[in-house]
Amino acid sequence: MIKNKILSKDAQDLLSPKDAFNLLFEGNMRYMDSQSEGIDISSLRIDSVNGQNPHSIVLSCIDSRVVVEQVFDQALGDIFVARVAGNFVNTDIVASMEYACGVAGSKLIVVLGHEGCGAVKAACDKVELGNITSLLSNIMPAVDGVKESTSAPHDSSNTPFVNAAIDENVNQTIDQIRSMSPMLKDLEDKGQIQIKGGVYKLASGKVEWL
């Protein structure tokens, strides 16, 4: 089957948060199996000119190995994607999520970390370099939060420590979304959206959901 129409508003309205999650889950399974759906990009471009109705918004790292639309086998018009090194949130990213869910009708927020994250490794090593120092300050709480539960050394040479920090960074980011946005918290409490976290595995292509 070749996809040649973007998600319509009527179809988006019929989706539940669970439905949106299943679209991403099943898409990731296809990606892992190299069975991605076909698309007619020319038709999708034309069909999207007058609007968009993405079912989800995904916050990911900027890592070039994590191409979000491919990871979830989603086409033009299916998902919003926000990217920043270390997949943390700030006011602008939370505002983008509020737009996606509160205005554009998206049903799911996903915070997607990934294996071998360079930003998390840099935070583990307390790197200081230009504006990167400020960026890493957003990840340090997750790094500090797993020190007691992981063995030394607490730096990027310790893979279990790095992996624990990657997971914790996703979980803390989800907590921050809820605390920074009463709007999104209210939508979640009412069951109108879900907020989920996952970690992408580089070799297998699998998203392991937290």
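Checking ASP40 against (1) crowded, with 17+ Cβ neighbours inside 10 Å; (2) over 17 Å from the mean Cα position of the chain (by Cα): exactly one of these is not met. Which one?
Tallying (1) crowded, with 17+ Cβ neighbours inside 10 Å; (2) over 17 Å from the mean Cα position of the chain (by Cα), ASP40 fails exactly one: (1).
Filter the range 85-100 for residues that are within 16 Å of GLY197 (Cβ to Cβ), touching a residue at least 40 places away in the same chain (Cβ under 8 Å) and not small (Gly, Ala, Ser) and give the result.
Within the range 85-100, ASN87, PHE88, VAL89, VAL94, MET97 meet the criteria.
Free of Cβ contacts under 8 Å to residues at least 60 places away in the same chain, in a helix (DSSP H, G or I) and among the small types (Gly, Ala, Ser), is that true of SER36?
Answer is no for this residue.
Here's a check for you: in the range 90-104, which residue that is buried (at least 23 other Cβ atoms within 10 Å of the Cβ) and not small (Gly, Ala, Ser) is nearest to the chain's Cα centre (by Cα)?
Selected residue: MET97.
Just to be sure I understand, how many residues within the range 179-210 are out of contact with any Phe, Trp or Tyr (no Cβ under 7 Å at 6 or more places or on another chain), touching a residue at least 60 places away in the same chain (Cβ under 8 Å) and within 16 Å of ALA100 (Cβ to Cβ)?
Adding up the residues that qualify gives 8.
Is it true that VAL66 is touching a residue at least 24 places away in the same chain (Cβ under 8 Å), in a strand (DSSP E or B) and buried (at least 19 other Cβ atoms within 10 Å of the Cβ)?
So VAL66 does not fit the description; no.
What helices (runs of 4 or more DSSP H) completely inside the range 139-210 contain at least 3 residues that are within 26 Å of THR91 (Cα to Cα), under 15 Å from the mean Cα position of the chain (by Cα) and not charged (D, E, K, R)?
So the answer is 159-180.
For ILE139, are the conditions met, namely being in contact with a strand residue (DSSP E or B) (Cβ under 6 Å, 6 or more places away or on another chain), surrounded by 14 or more Cβ atoms within 10 Å (Cβ to Cβ), at pLDDT 95 or above and not charged (D, E, K, R)?
So ILE139 fails the test.
Within the range 1-35, work out how many residues are out of contact with any Gly (no Cβ under 8 Å at 6 or more places or on another chain) and not acidic (Asp, Glu).
So the count comes out to 19.
Being under 22 Å from HIS55 (Cα atoms), buried (at least 17 other Cβ atoms within 10 Å of the Cβ) and at pLDDT 95 or above is true for just one of VAL162, VAL199. Which residue is that?
VAL199
I'm checking my understanding of the structure. Among residues of the range 1-54 that are more than 24 Å from VAL103 (Cβ to Cβ) and of a type in the set (Lys, Arg), which one is modelled with the highest pLDDT?
So the residue we want is ARG30.
Any idea which residue in the range 113-135 is surrounded by the fewest Cβ atoms within 10 Å (Cβ to Cβ), counting only those that are outside any loop (DSSP other than H, G, I, E, B) and among the small types (Gly, Ala, Ser)?
SER134
Rundown of residues vs (1) at pLDDT below 95; (2) of a type in the set (S, T, N, Q); (3) closer than 23 Å to LEU202 by Cβ, yes/no style:
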{"position": "ALA104", "(1), (2), (3)": "no, no, no"}
{"position": "GLY118", "(1), (2), (3)": "no, no, yes"}
{"position": "LEU129", "(1), (2), (3)": "no, no, no"}
{"position": "THR133", "(1), (2), (3)": "no, yes, no"}
{"position": "ASP155", "(1), (2), (3)": "no, no, yes"}
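The values are calculated or read from the model by the stated rules, or taken from the named source; none is laboratory data. Source: prediction; values computed, not measured. Cβ: placed from backbone, ideal geometry, glycine included. Neighbour counts: every protein chain shown.
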